[in-house]
Amino acid sequence: MNFSTILKLSIQRAIKNRKRNAIILIPLIIIIILILFSITIQYSMQSYVIDIGFNINMRTISGINYTPADYKEIIEKLLFINNIDMIVDQYESRIVAIVTCEKFQNGKTDGKVYETPTNAKTSPEVIKGRKISDDDQYVIIIPDKIYADSNTNRTFENPILEDEYINGEELLGKNIRMKIEGDNKELYKDFKVIGIYDSSKYDDTQTIYIPKTTIKLLNEELGASFSEYYMNVVVDKVENLNEVRNKLTEEGILKKTKIQIDASSDKEVGIEETNFISTTNLNIETLQIIKNIAFFLSVSSFVILIFILVATNVNKTYISATELGVLKIEGYKDKYIQIITIFENIIVCIISFIIAFILYKLLQVIGNFLIDCIIQKETVSLTLYKIREQLFLIKKIPQKINYSIVLIIFSIIILIESINTFFINKRVLKKNISDIIKI
């Protein structure tokens, strides 16, 4: 018996037994959809965390309050905490914005970019030039696309136009004179552009990186004064943010405030932390929510897989046994009966995958539409506001799927179904034809 004949018989059996195969088909569709969503969530989160891993702003814990009296004590505590790459105090991060001169003007408005302190360990990855070293002073690393508009507040309805960007790569190796603003004083300083970073990878077109020692010198020259003192710490990896935060909390360095009350409405408007932990638009709470969703989908998939195996056993043992006897009466050898029924099962799995993939894409579109509707809806309720906030943060993660993993898992499902069918058929085919027909 050749392959085409076996395939033809398998397809005919799959069509003929479509009602019986629905016992396997429907749960398979559900499990494949769950697996697709689970893989999408996990792979998207993993890819996003890797992509943002080099961005200092995305792995920063800021707002660690201190007073000049306890400065040394807090520094000593921070030095004993693992996974911290850089400590930045108020003097090293005081400059809020640097208003640039003609080099950063886009032809429409005066340009404004925002500085982030860095050192050799935390200097961002560059696509051209080099990273900042410990010996550098008046140097900067800038994005390859700079949006330097200080007046226009861009929104989804009013996006940034392509011609409003400045090509940062054209400035590599050049000196730029910038106006640095303090409380009551302005400075003009020349900075050399030594590196260019990928703005799309960092999701940032307005941040420039400056050695933190240089920022401290500028603050001293500006005569900066402080009413509140705080520090930032930069964690080595995004995935270690939670561990460092917990350690900071244990040491009493991070503290939460009480629920804030809106005086005008006497309503709870939010539970805020005095310390802000940033992975840009993806915070620790969001990461945990995503992990919980992925875990739920994985467990659900496993439970349904068990159900499919049980259903397959019932299906093959009590329903298809007679058909196996008929095939045997018609003169088919046991090995061909095995191949035909296994191919029938594989066809059912393939059909399940196609239907599941179409439904998955449809549910993805519907889900994104509903999330967009919720995000755009204004709310004053604390609970609804938090849900809306988390959905916004989750939506910021690009939806990616690792098709190689999907194919591996799908192959495993086919393999499990095929092995299951083989052993059930083997047990049935060992019997005499009269005994098989009676089952």
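The values are calculated or read from the model by the stated rules, or taken from the named source; none is laboratory data. This is a predicted model, so every value here is computed, not measured. Here the Cβ is made from the backbone with ideal geometry for all residues, glycine too, and neighbour counts use every protein chain on show. These accessible areas exclude ligands, DNA and RNA; they are computed on the full protein's heavy atoms, side chains included. Shrake-Rupley method; radii C 1.70, N 1.55, O 1.52, S 1.80 Å.
Each peptide among 131-140, 406-415 gets the average number of other Cβ atoms lying within 10 Å of its residues, and from highest to lowest they stand as 131-140, 406-415. Net charge around residue 167, counting only other residues with Cβ within less than 10 Å of its Cβ (Lys, Arg = +1; Asp, Glu = -1)? Result for the neighbourhood of residue 167: -2.
In terms of the Cα gyration tensor, with a ≥ b ≥ c the square roots of its eigenvalues, is region 1-122 rounded because a/c is under 1.5, prolate because a/b exceeds b/c, or oblate? Kindly include the intermediate steps, with their values, before the conclusion.
On the way: a/c = 4.61, a/b = 2.53, b/c = 1.83.
It is prolate, given that a/c is not under 1.5 and a/b is the larger ratio.
Could you tell me which of the pairs 8/426; 189/247; 174/396; 77/237 are separated by over 29 angstrom between their Cα atoms in the structure shown? As for pairs spanning more than 29 Å Cα to Cα, those are 189/247; 174/396.
Taking only the Cα atoms of region 332-439, the radius of gyration and Dmax are 23.6, 73 Å.
For region 329-439, what is the accessible area per residue in Å², given a 1.4 Å probe and the full set of protein chains? Provide the component values of the computation, followed by the final result.
On the way: 6710 Å² over 111 residues.
Result: 60 Å² per residue.
How would you rank 73-80, 356-363, 40-47, 342-349, highest first, on the average number of other Cβ atoms within 10 Å across their residues? Don't skip to the end; give the middle numbers.
Numbers: 73-80: 13.0, 356-363: 14.8, 40-47: 18.5, 342-349: 20.9.
Descending mean neighbour count gives 342-349, 40-47, 356-363, 73-80.
Each peptide in 169-177, 324-332 receives the mean, over its residues, of other Cβ atoms within 10 Å, and ordering these scores from highest gives 324-332, 169-177.
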